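Any read-out appearing in this document is the output of simple, stated calculations on the displayed coordinates, not a laboratory observation. Predicted model, so just to flag it, every value in this text is computed and none were measured. Every residue, glycine among them, receives a Cβ derived from its backbone with ideal geometry; neighbour counts consider all protein chains shown.
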Amino acid sequence: MWPKTPDVTDMIAREVFGLLFETSSEAVFIVERASQRIVSANVRTAEMLSRQVDSLIGVALGELALEDRDLRAPGHYEDVALRGGDDYPVYVGLTVVHVAATSHGELAAYTAHDTSERRVLQRELVAKHTALFTAHAELERAHAQLSSTKRELEARNQEIAVLAWRAAMGELVAGIAHHLNNPVGALASTLRRLAGNVGKLPAEHRGELERLLARAGQIARRIEANVGAVVEASRSAARTGDRSSELPPELAAVLTTFTEQLEDIPTKDQL
């Protein structure tokens, strides 16, 4: 029974659907339910599919659809891919209505709304969303890296500040030691002169004085040695960074305690 002549298909369109073909802005085509073949289509359908109306007559619905999908039941179908004249898909929203015509049998009217442009916009939106998500992830990574670098810089600045503070305190200790060295030297010189004068006294008068002078001399030499050790340690610290390696144990212990307390002093940034 196929193909039907144009006169017959036009008659089906006019008798069954009236002015629908001529007035509708949507693509409309009619399918014979028994054979599932197109018996009529309006101009909008041909324009949408980039085909001639005559080329659509007699085409099976399964051949027009690019996907294996049952489109026979009445209702609305989204994202249906129809075959265009260049074999590229044309995506439509398809509404199916069953019609029983006395003279033409059981028919189905398919109204197709072109959604290809919407799909393009959706793909563009997804692409932009993906790009935005990627950019946001990159921004988060850059922010995390910047935060890490900032923490490292702050730690380094803290270390530099402590080292500078220690160096300044070392110079202060060395200056104090140098100032102490002068009176200690004067004390040692005075004790030597006293020892010379005591040596001129009679033997019976020298015993207690010589013991006191010897004791004072030991103390003065010890002070002088400690001051000299502090001075030398401050010079060594400028070269090696270790001020306690050449100090007497008691001075090294004092310096260690002083350094530990120094590290607990808050810096300007922590105040």
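Structure notes:
- For THR190, THR111, order by how many other beta-carbon atoms lie within 10 Å, fewest first: THR190, THR111
- Spin-label model distance (nm) - ALA167 vs ARG83, 7 Å beyond Cα toward Cβ: 8.4
- Summed residue charge, Cβ within 14 Å of ALA73's Cβ, Lys/Arg positive, Asp/Glu negative: +1
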